[in-house]
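A.B. asks: Please read through the structure below; I'll follow up with questions.
The values are calculated or read from the model by the stated rules, or taken from the named source; none is laboratory data. Note that the coordinates shown come from a computational prediction; the quantities given were computed from them, not determined experimentally. Positions of Cβ are generated from backbone atoms using ideal geometry, with glycine treated the same way; all protein chains shown enter the neighbour counts. All accessible areas refer to the heavy atoms of the entire protein, side chains included, with ligands and DNA or RNA removed. Shrake-Rupley method; radii C 1.70, N 1.55, O 1.52, S 1.80 Å.
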Amino acid sequence: SGITLEGRYTIVRLLGMGGFGAVYLADDNRLTGRQVAIKETFERTPEAQRQFELEAQLLARLSHPQLVRVTDYFSTPAHELFLVMDYVSGDDLAQRLQRTPGFLPERQVVDWISQVCEVLTYMHTWVDPATGRRTPIIHRDLKPGNIKLQPNGRVMVIDLGIAKVMEAGRHTTRAARAVSEPYSP
């Protein structure tokens with residue numbers, strides 16, 4: 001904590017870590033009072049960097065009220081890759097499940113999952129405004145920990161750090177490496 005990245009983002013604390021990256025809470029020093037989530041990707045090959053930059057630029061064009069917004073990306077001379085997203089506070093579905101004895105109310109769960117399906121439909125049918133072409137985006141790490149529960153009853157889908165762009169005639173061949181068990185597609 002206290003480390004400043006890009007001369008702009010001061011790390012406050014580690015939010016989480018997995019096999020493929022870490023997520024930090026950071027203060028945006030340019031926009032005072034704004035906090036962001038910064039996802040560091042551990043893969044540092046030249047191909048990973050090229051793909052990361054292309055995907056970060058596409059993810060930043062997504063716009064849905066229940067999908068975390070990607071606002072910046074950068075790399076360091078040591079090839080560390082960082083994706084900057086809006087920070088969404090509050091409980092996620094995994095935390096709610098841990099604190100709730102028994103089952104969650106069916107009506108509430110169906111409402112949350114319906115909202116998640118709306119976000120996924122948006123992502124899977126997304127039309128890139130830069131090209132006018134349908135360009136499906138696959139989340140690849142949808143799990144309770146990546147579904148934030150807002151006080152107003154709405155959900156927010158977060159952590160687009162391993163999302164993949166579907167290209168015509170291609171598969172997301174690396175998806176098997178970048179998933180959370182047992183939520184992998």
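A.B. asks: From the residues in region 52-77 that are open to solvent by less than 60 Å² (accessible area, probe 1.4 Å) and of a type in the set (Phe, Trp, Tyr), which one is farthest from Gly7 (Cα to Cα)? Give the steps one after another, and end with the answer.
C.D. replies: At the first step, the residues of region 52-77 found to be open to solvent by less than 60 Å² (accessible area, probe 1.4 Å) are 52, 55-56, 58-60, 62, 64, 66-68, 70-72, 74-76.
Checking the rest, the ones that are also of a type in the set (Phe, Trp, Tyr) come to 52, 74.
Working: Phe52: 21, Phe74: 11 Å.
Of everything passing the filter in region 52-77, Phe52 is farthest from Gly7 (Cα to Cα).
A.B. asks: For the list (1) within 22 Å of Cys117 (Cβ to Cβ); (2) under 11 Å from the mean Cα position of the chain (by Cα); (3) open to solvent by less than 30 Å² (accessible area, probe 1.4 Å), I need the number of the one condition that Ile38 fails.
C.D. replies: (1)
A.B. asks: When only residues in region 1-24 that are among the aromatic types (Phe, Trp, Tyr) and modelled with pLDDT of 90 or more count, which is most open to solvent (accessible area, probe 1.4 Å)?
C.D. replies: Pass one, region 1-24, residues among the aromatic types (Phe, Trp, Tyr): 9, 20, 24.
Still in the list and also modelled with pLDDT of 90 or more: 9, 24.
On the way: Tyr9: 2, Tyr24: 45 Å².
Among those residues, the one meeting the criterion is Tyr24.
A.B. asks: In region 103-116, how many residues are over 21 Å from His64 (Cβ atoms) and either among the basic types (Lys, Arg) or open to solvent by 60 Å² or more (accessible area, probe 1.4 Å) (or both)?
C.D. replies: The number of residues fulfilling the criteria is 5.
A.B. asks: Is at least one residue of region 90-105 of a type outside the set (Lys, Arg), within 29 Å of Ser1 (Cβ to Cβ), at pLDDT below 90 and out of contact with any Phe, Trp or Tyr (no Cβ under 7 Å at 6 or more places or on another chain)? Steps first, please.
C.D. replies: Residues of region 90-105 of a type outside the set (Lys, Arg): 90-95, 97-98, 100-105.
Cutting the leftovers down to within 29 Å of Ser1 (Cβ to Cβ) gives us 90-95, 97-98.
Within this subset, residues satisfying the condition of being at pLDDT below 90 are 90.
Add one more test, that the residue is out of contact with any Phe, Trp or Tyr (no Cβ under 7 Å at 6 or more places or on another chain), and what stays is 90.
Yes: region 90-105 contains one or more residues that are of a type outside the set (Lys, Arg), within 29 Å of Ser1 (Cβ to Cβ), at pLDDT below 90 and out of contact with any Phe, Trp or Tyr (no Cβ under 7 Å at 6 or more places or on another chain).
A.B. asks: Also: Given (1) under 14 Å from the mean Cα position of the chain (by Cα); (2) among the polar types (S, T, N, Q); (3) in a strand (DSSP E or B), where does Thr10 come up short, assuming only one miss?
C.D. replies: Failing condition for Thr10: (1).
A.B. asks: Here's something else I'd like to know. When you scan region 25-34, how many residues do you find that are modelled with pLDDT of 95 or more and either over 18 Å from Tyr73 (Cβ atoms) or surrounded by 15 or more Cβ atoms within 10 Å (Cβ to Cβ) (or both)?
C.D. replies: Adding up the residues that qualify gives 4.
A.B. asks: Can you name the residue in region 117-153 that is small (Gly, Ala, Ser) and touching a residue at least 24 places away in the same chain (Cβ under 8 Å) and, of all such residues, is surrounded by the most Cβ atoms within 10 Å (Cβ to Cβ)?
C.D. replies: Only one residue tops the list, namely Gly145.
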